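The values are calculated or read from the model by the stated rules, or taken from the named source; none is laboratory data. Every value quoted in this text rests on a predicted model; they were computed, and no experiment measured them. Every residue, glycine as well, gets a Cβ built from its backbone with ideal geometry; the counts of neighbours run over all protein chains shown. The accessibility values were calculated without ligands, DNA or RNA, using every heavy atom of the protein model including side chains. Shrake-Rupley method; radii C 1.70, N 1.55, O 1.52, S 1.80 Å.
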Amino acid sequence: MAAPRIDVRKTYKLYIGGAFPRSESGYSYTALDAKGRFVANAALASRKDARDAVVAARKAFGGWSGRTAYNRAQILYRVAEVLEDRRPQFALAVQQSEGLTPARANAVVDAAVDRLVWYAGWADKLTQVVGNANPVAGPFFNLSTPEPTGVVAVLAPQGSSLLGLVSVLAPVIVTGNTVVLVSSYARPLPAVNLAEVLATSDVPGGVVNILTGDAATVAPWLAAHLDVNAIDLAGVAGDTELATSLEVAAADNLKRVRRAPATEPDWAAAPDLTAMTDFVEIKTVWHPMGV
Amino acid sequence: MPALTSPGATGDLSDVTASDATLRRFLHGLPGVDQVGAEARAASLGTRSIKTTAKAQAIDLAIRMVDLTTLEGQDTPGKVRALASKAMRPDPTDATCPATAAVCVYPDLVGVAKQQLGDSGVNVAAVAAAVPRGRAPLDIKLADTRDAVAAGADEIDMVIDRGAFLTGRYLQVFEEIVAVRGACERPGGGEPAHLKVIFETGELQTYDNVRRASWLAMLAGAHFIKTSTGKVQPAATLPVTLVMLEAVRDYREATGQMVGVKPAGGIRTTKDAVKYLVMVNEVVGADWLDPDWFRFGASTLLNDLLMQRSKLATGRYSGPDYVTID
């Protein structure tokens, strides 16, 4: 009789600069499923991991923002394809993390793939919608175009661990920003799986950096970091005190802040453009006519 | 400074350079370097944790030790003036930030740097004697050096002829260093320019050669021994610097004279710099923890030191937007 097989108990790592390092602190924590059973260990990101992630994101910014919008669209579409290929893995992760039925979990993965495709399509269209050729009182072409803000810290939603995650991540990178993302604390598994998808789908290393851990300990460092240009506080929805302190810290270098909602929104609802336009800067160029 | 060791020891060393044969016998008689041991020792010293107040002291000391360097074909007087201003006042928002030790430029820009630095106490170092290749006739090297000294350079960084060294023509290398040191004298009298001798350790192949080159340069009267020009990879590494520190330590034991050490090239982060400082303290002792005896040849290191300094002072991470682009 064969001996019973020993479980492989996984300890996932962070995703920084295209690599999968352990947390600098050496700490990890236990991720449980919706019924309180062990799922896996996740790395507990520290402030130094956040610092390293910002350095990686800054390094990747020039290359990513310099790519053509068309190319960014292709890469985002590729992410959707790979995610689609890994459907069973993601459905299981969502099912475990969020306690959904298999059918509901599958629907969430569908929605996440569709959301990525939707944002991928916007890459080379946003400029037409929010940019403009302005009429001015002089012989000039006057053109306004959206430019990426820079390094954006994103606190991913605590509840919706895949659809919510994709809904805050995709609109930020599609315009050319790079991201340091702090995943849901209690439900890190879909974020860890998404890191593996990103690493194998043409997204340059450093464009998305994923930290699993507690937003309350990592986010203050990101909010105060002078080399972070904007922060999305979706992950601290409902925690007014923390959200306020993060906004105060972010004011130091005039970061753009996407404020925390009072409660986590319904991520299944159709998105609007503000998720993208909140993290772009409008650049206006004057060019003499006839030259 | 400790007293001279027995006259016999110094007597031995003066005989060493009498001929090519005695010099070779001496250099090849130096004990070999245990490569694995040196690398392990350097790695273990690199694991020390320097935090809070000790870190703040280390950062300020490292800033004071920086030879802020620009050695590009595209250097302009404007760039050198900007660099000199930065050397005098690295962090314009913080008057407590110390100045760097020196500005290091090509000889033709010494006058520009000198004019900008004035009597601020920041020295001008010039790379002379055909840096970075070191392959020019001696009279050209000497003329290069004299020009730099005449233009007001306080320090001269020369590079040895690695071809001659690797072929075993040690006396030729020795005599070149002696001659360049002579060219560091000021014609009208006054304090001669300090001489730093670059080995370009990335081209010396073995740690044994680094040890031999160190002794050779010290015997020839170098004030400083320096790892690299920064134009060859690998440049400064911890094990190479360890071997050189051991050489200056042994040289002081033999002669009572202190020689400075300058790792240059490839040191970019505060963490790297602190590792070097730990090594200096452990290998040669606190006497060398001074800009007179230990320097960093670097350009980007200073920005990282400033960002770390601001992090310690304000409690939040700084970024490259808040330091100059050099």
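In whole Hz, with x marking every Gly and Pro, tabulate ³J(HN,Hα) for the range B:284-289 from phi via Karplus 6.51 cos²θ - 1.76 cosθ + 1.60, θ = phi - 60°.
With the stated coefficients, the range B:284-289 comes to 10, x, 5, 4, 8, 7 Hz.
At residue B:169 and residue A:29, where each label point lies 7 Å from the Cα along Cα→Cβ, what is the point-to-point distance in nanometres?
6.8
May I ask you to give the percent of accessible area on the protein assembly as shown that is carbon plus sulfur, with a probe radius of 1.4 Å?
Ligands and nucleic acids excluded, carbon and sulfur give 54 percent.
In terms of modelled amide H atoms, which long-range or inter-chain residues lie less than 5 Å from the amide H of residue B:124?
Distant-sequence amide H within range of residue B:124: B:103, B:154, B:155.
Return the Cα extents of the range A:202-281 along principal axes one, two and three, sorted largest first, each rounded to a whole Å.
Largest first, the range A:202-281 extends 34, 32, 28 Å along its Cα principal axes.
Along each of its three principal axes, how wide is the spread of alpha-carbon positions in the protein assembly as shown, in whole angstrom units, largest first?
Taking max minus min along each principal axis of the Cα atoms, the protein assembly as shown gives 90, 88, 42 Å.
Based on Cβ point charges of +1 for Lys and Arg and -1 for Asp and Glu, what charge dipole magnitude is obtained for the range B:142-252 about its Cα centre, in debye rounded to the nearest 20?
Rounded to the nearest 20 debye, it is 220 debye.
With the other protein chains left in place, how much accessible area per residue, in square angstrom, belongs to the protein assembly as shown at a 1.4 angstrom probe?
I get 43 Å² per residue for this part.
If amide hydrogens are placed 1.01 Å from N in the peptide plane, which non-local residues have theirs closer than 5 Å to the one on residue A:41?
Amide H neighbours of residue A:41: A:10, A:11, A:12, A:31.
To the nearest 100 Å², how much accessible surface do chains B and A hide from each other in total, with a 1.4 Å probe?
1000
List the residues, sorted by chain then number, that are 5 or more residues from residue A:232 or on another chain and whose placed amide H is less than 5 Å from its amide H.
For residue A:232, whose amide H was placed from the backbone, the distant partners under 5 Å are A:153, A:154, A:155, A:258.
Sort chain B into rounded, prolate or oblate with this rule: let a ≥ b ≥ c be the square roots of the eigenvalues of the Cα gyration tensor; rounded if a/c is under 1.5, and if a/c is not under 1.5, prolate when a/b is larger than b/c, oblate otherwise.
oblate
Mind checking the log10 I(q)/I(0) for chain A at q = 0.07, 0.14 Å⁻¹? Debye, one equal scatterer per Cα, no solvent, two decimals.
At q = 0.07, 0.14 Å⁻¹ the computed log10 ratios are -0.26, -0.98.
May I ask you to evaluate 6.51 cos²θ - 1.76 cosθ + 1.60, the Karplus curve with θ = phi - 60°, for each residue of the range A:93-98 and list the ³J(HN,Hα) values in order in whole Hz, giving x for glycine and proline?
4, 5, 4, 5, 5, 9
If you take every residue apart from residue A:168 with its C-beta less than 10 Å away from the C-beta of residue A:168, what net charge results, scoring Lys and Arg +1 and Asp and Glu -1?
The answer is 0.
Which order do the peptides A:169-175, A:25-31 take when ranked by the mean count of other beta-carbon atoms within 10 Å per residue, highest first?
The peptides rank, most packed first, as A:169-175, A:25-31.
Where does the protein assembly as shown land at 222 nm, in deg cm²/dmol rounded to the nearest 500, when only DSSP H runs of n ≥ 4 count, each adding -39500 (n - 2.57), divided by all residues?
-14000 deg cm²/dmol
Would you mind giving the mean number of other chain beta-carbons within 10 Å of the Cβ of each residue in B:308-319, as a whole number?
4
Please compute, for peptide B:131-140, the average count of beta-carbon atoms on other protein chains lying within 10 Å of each residue's beta-carbon.
Averaged over the peptide's residues, the number is 0.
Could you point to the residue in A:155, A:217, A:288 farthest towards the positive end of the range A:28-288's charge dipole, with +1 and -1 charges on the Cβ of Lys/Arg and Asp/Glu respectively?
Towards the positive end, the residue furthest out is A:288.
Using the Karplus curve 6.51 cos²θ - 1.76 cosθ + 1.60 with θ = phi - 60°, what ³J(HN,Hα) values do you get for each residue of the range A:183-197, in whole Hz, with x for Gly and Pro?
6, 4, 5, 7, 10, x, 4, x, 5, 5, 5, 5, 4, 5, 5
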